[in-house]
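Below is one structure, written out as structure tokens, with a few remarks after it.
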Amino acid sequence: MTYRNRIQTSVELIGAYILAGFWILPLLYAFWAAFHSSSDAMHFDIFSPLTLDNFREAWSQAPFARFSLNTFLLVSFILPGQLLISTLAAYAFVRFKFTGANVAFALVLVQLMITPEILIVQNYVTLSKLSLVDTISGMGLPYIASAFCIFLLRQAFKSIPKELEDAAELEGCSTMGILWKVYVPLATPTYIAFSLVSVSHHWNNFLWPLIISNSVETRPLTVGLGIFAAPESGVEWSILSAATLMSVAPLLIAFLIFQKQFVQSFMQAGIK
Amino acid sequence: MSAIEVKNLSRSYGDIDAVKDVSFTVPEKSFTVLLGPSGCGKSTILKMLSGLEQVSHGTINIGGSDVTEIEASKRGVSMVFQSYALFPHLNVKENIQFGLKVRKVPAEEREKKVAEAARVVGLTELLDRKPANLSGGQRQRVALARSIVSDQTVCLMDEPLSNLDSKLRAEMRDEIRDLQKRLGLTVVYVTHDQVEAMSMADQIILLRLGEIVQVGAPEEIYNSPNSVFSAQFIGLPPMNVLNLNDIDTSTLDSKIKSALESSSIKNIGVRPEHLMFSKKGLPATVKSIDYFGGETVFKLTHQEKDFFLREPRQPKIQLGDELCVSWNLDDMYLFDKNDQRLKS
């Protein structure tokens with residue numbers, strides 16, 4: 001390695017560390033604040049006593065258990081729905097030649113370009129007509145046909161050699177059998193990648209659940225937390241941090257465990 | 001009895017005719033090779049036989065019944081693909097028994113069949129491996145085993161050896177041929193490699209641009225090609241075909257000269273191994289010498305036309321030497337202006 005190269009590498013490395021530092025700072029602060037009393041949290045005295053009171057306080061002030069359950073139900077409603085619908089749609093796009101296939105796929109791509117926030121009012125109207133306002137299924141329904149997932153799976157399916165399908169067909173596999181026994185197992189990395197993104201996105205989604213939910217029975221963690229931290233009740237940073245940590249803990253732990261798969265699956269699922 | 005009977009088979013894609021009015025029969029328990037350059041329609045024919053490709057016109061009979069409109073899995077054929085088409089997420093055993101599971105064969109019978117097929121192709125030790133951890137030859141064997149367990153008497157093979165190196169290819173050639181004989185399979189084998197065709201086939205169907213050029217046993221096609229195309233496609237180096245206008249006929253032997261008198265003759269052909277260096281005959285200059293050990297191939301040029309001469313010995317001949325070549329009348333082939341063979 002030449003001298004110049006070495007300098008360049010170290011500059012890049014330092015830059016990366018600085019950026020990473022900035023990114024992790026809020027999380028580190030939340031950790032700090034959550035384990036200290038309110039007044040200590042602001043002073044950054046390294047020797048100030050640690051405490052778990054904030055967690056106890058937050059837990060008793062709001063029904064976090066219920067919020068967690070709601071979030072869990074929401075995510076476990078959306079993800080299987082997305083996977084099911086997108087798998088069938090992507091399979092149709094890849095395997096069947098039908099009139100309007102290109103137009104239909106263009107529409108899917110268009111959906112990819114529209115931010116869901118634009119449709120909030122329209123979605124609310126639709127769901128209220130279906131009497132699904134303030135239900136978990138109503139909260140999940142607008143996301144159930146994910147254009148992104150259809151697109152990713154279509155790309156993955158397209159890269160599967162036709163000969164595998166021919167071989168399965170010759171062995172007597174039905175059309176759905178081929179999907180289930182050949183396409184789905186071979187697209188596993190894409191399924192994992194999308195699942196991770198989908199779960200983290202919907203775990204963290206705030207605006208839409210805020211609008212569609214009115215009661216404790218449906219509110220997910222993010223909304224519960226938002227109401228908990230409403231400015232009019234005065235912001236208790238320590239308790240808020242403790243509540244935030246409780247909300248993101250499952251995701252955080254999952255990320256640390258699946259870190260490798262998370263990054264890898266995206267490298268493999270690269271857009272083709 | 002013929003296992004497969006194809007009548008007036010055609011396949012077009014829009015305006016392009018990939019296969020044009022092809023008819024042939026494949027005898028039972030025989031090894032038939034569909035041979036031809038790329039784009040000759042050989043793979044398309046095989047796919048139509050398997051049912052993976054639609055037929056535009058014509059009929060296909062397999063085992064005595066018309067299967068033209070019958071779906072692939074009910075035709076009683078198995079297939080070995082060029083890329084082997086092994087399922088990468090399944091291990092060797094699962095790959096072999098894939099079709100048995102689809103057809104809901106009971107577990108006990110499945111085990112027995114897989115074990116038997118694995119033994120036949122020598123895979124018993126590797127049943128737990130994934131295809132990614134197998135060599136090319138082993139993958140090939142898995143594909144063969146999968147075809148064996150299906151218990152179909154007709155096996156279609158689409159250039160199964162093209163991804164192997166030359167030594168392994170020679171081994172697998174013998175193995176496939178041996179397997180076909182032992183199990184009494186009817187094999188239809190697609191290849192563009194004339195060496196494979198010559199060494200394995202009972203019957204070669206030579207194709208060009210979607211049409212059959214010649215059908216026959218390897219030696220039949222080699223010894224009496226019906227056209228310039230057959231003559232040059234089979235044999236390495238190919239048959240020398242020279243236009244009569246390009247050669248100085250005055251130097252030729254009188255018997256040969258008199259054979260060339262007919263006005264319908266346009267080209268003459270002589271196989272490289274039938275040419276001899278001699279004192280009298282067609283003058284030629286040595287352009288290159290390829291020494292292969294068992295034989296030596298000389299590239300010669302006569303009035304700026306190149307041709308080959310093959311010698312089993314190593315004569316003392318140098319580059320640039322000027323010599324004469326001759327041949328026997330019986331070894332000469334005559335072709336008309338449409339490149340068809342003229343029978344003398």
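Values in this text are rule-based calculations from the coordinates and carry no lab data. Given the structure is predicted, the values throughout are model-derived calculations rather than measurements. Cβ atoms come from the backbone with ideal geometry, glycine included; neighbour counts cover every protein chain shown.
Evaluated with a Cβ-only charge set (Lys, Arg +1; Asp, Glu -1), the stretch A:93-249 carries a dipole of roughly 360 debye about its Cα centre, given to the nearest 20.
The gain in end-to-end length when the B:Glu304 to B:Leu168 segment is fully stretched comes to 45.0 nm, 0.36 nm per residue minus the alpha carbon separation.
Inter-label distance, A:Ser200 to A:Ala16: 1.7 nm, where each label sits 7 Å from its Cα along the C-beta direction. Size estimate for chain B follows the Kirkwood approach: the inverse of mean 1/r over distinct Cα pairs works out to 22.6 Å.
Evaluated on the stretch B:64-124, the Kirkwood hydrodynamic radius is 13.4 Å, with distances taken between all distinct Cα atoms. Amide H contacts of B:Ser23: B:Asn8, B:Leu9, each under 5 Å away and 5 or more positions distant or on a separate chain (H built 1.01 Å from N in the peptide plane; Pro and chain starts excluded). For the residues of B:83-91, the average number of beta carbons from a partner chain within 10 Å of their own beta carbon is 5. For the protein assembly as shown, the share of DSSP beta bridges that are antiparallel, to the nearest 5, is 75%. From least to most packed, judged by other beta carbons within 10 angstrom and beginning with the fewest, A:Trp23, A:Trp32 follow the order A:Trp23, A:Trp32. Scanning chain A for long hydrophobic helices, with DSSP H runs required to stretch 27 angstrom or more by C-alpha along their axis and to average at least 0.5 on the Kyte-Doolittle scale, returns A:3-34, A:64-95, A:237-268. Fewest to most neighbouring Cβ within 10 Å: what's the order for B:Arg103, A:Arg66? Listed from fewest to most nearby Cβ atoms, that is B:Arg103, A:Arg66. Using the alpha carbons alone, the radius of gyration of the stretch A:11-74 stands to its Kirkwood radius in an Rg to Rh ratio of 1.15. Considering helices alone, the calculated mean residue ellipticity of the protein assembly as shown at 222 nm is -14500 deg cm²/dmol, with DSSP H runs of length four and up weighted by -39500 (n - 2.57) and normalised per residue. Pairs of alpha carbons in the protein assembly as shown separated by more than 31 Å make up 68% of all such pairs. Divide the volume of the convex hull around the Cα atoms of the stretch A:105-144 by the residue count and you get 73 Å³ per residue. Normalised by residue number, the volume inside the convex hull of the Cα atoms of the stretch A:34-166 is 216 Å³ per residue.
Of the options B:Ala132, B:Ile204, B:Pro160, report the single residue whose Cα projects farthest towards the positive end of the charge dipole of the stretch B:118-213 (beta-carbon charges: Lys, Arg +1; Asp, Glu -1). Sorting the options by dipole projection puts first B:Ala132. Placing +1 on the Cβ of every Lys and Arg and -1 on the Cβ of every Asp and Glu, with nothing else charged, gives the stretch B:140-226 a dipole about its Cα centre of roughly 200 debye. When the stretch B:225-300 is described by a simple charge dipole with +1 on each Lys and Arg Cβ and -1 on each Asp and Glu Cβ, the residue from B:Val270, B:Phe298, B:Thr251 located farthest towards its positive end is B:Thr251. Prolate is the label for the stretch B:195-265, because a/c, from the alpha-carbon gyration tensor with a ≥ b ≥ c as root eigenvalues, is 1.5 or above and a/b exceeds b/c. Extension gain for the segment B:Leu260 to B:Lys287, taken as residue separation times 0.36 nm less the Cα-Cα distance, is 7.0 nm to one decimal. Structure shown: which of B:Lys279/B:Lys337; A:Lys97/B:Lys42; A:Lys97/B:Lys130; A:Lys158/B:Lys104; B:Lys266/B:Lys305; B:Lys47/B:Lys112 lie over 22 Å apart, alpha-carbon to alpha-carbon? Over 22 Å apart, Cα to Cα: B:Lys279/B:Lys337; A:Lys97/B:Lys42; A:Lys97/B:Lys130; A:Lys158/B:Lys104; B:Lys47/B:Lys112.
Summary of packing: across the peptides B:327-338, A:6-17, the per-residue average of other C-beta atoms within 10 Å ranks them, highest first, as B:327-338, A:6-17.
As a proxy for reagent exposure, B:Glu175, B:Glu196 were ordered by neighbouring Cβ count within 10 angstrom, fewest first; the result is B:Glu175, B:Glu196. Where a ≥ b ≥ c are the square roots of the eigenvalues of the C-alpha gyration tensor, would you call chain A rounded, which needs a/c under 1.5, or, failing that, prolate if a/b is larger than b/c, or oblate? Oblate shape, in that a/c is at least 1.5 and b/c is the bigger or equal ratio. Of all beta bridges that DSSP places with both ends in chain B, some 75 percent have antiparallel geometry. Between the stretch B:1-68 and the stretch A:2-45, the alpha-carbon centres lie 69 Å apart. The packing ranking of peptides A:246-259, B:223-236, highest mean first, is B:223-236, A:246-259, where packing means the average number of other beta carbon atoms within 10 angstrom of each residue. Contact order, relative form, for chain B: 16 percent (alpha carbon pairs under 8 Å, 6 or more residues apart, mean separation divided by residue count).
On the principal axes of its alpha carbon atoms, the stretch B:5-89 extends 39, 30, 24 Å, with the longest extent given first. In the stretch B:158-211, inverting the average of 1/r over every pair of distinct C-alpha atoms gives 12.0 Å as the Kirkwood radius. About its Cα centre, chain A has a charge dipole of approximately 840 debye under the convention of +1 per Lys or Arg Cβ and -1 per Asp or Glu Cβ, with nothing else charged.
Simple rule: put +1 on each Lys or Arg Cβ and -1 on each Asp or Glu Cβ in the protein assembly as shown, find the dipole, and look at A:Leu73, B:Val102, B:Cys324; the Cα lying farthest toward the positive end is B:Cys324.
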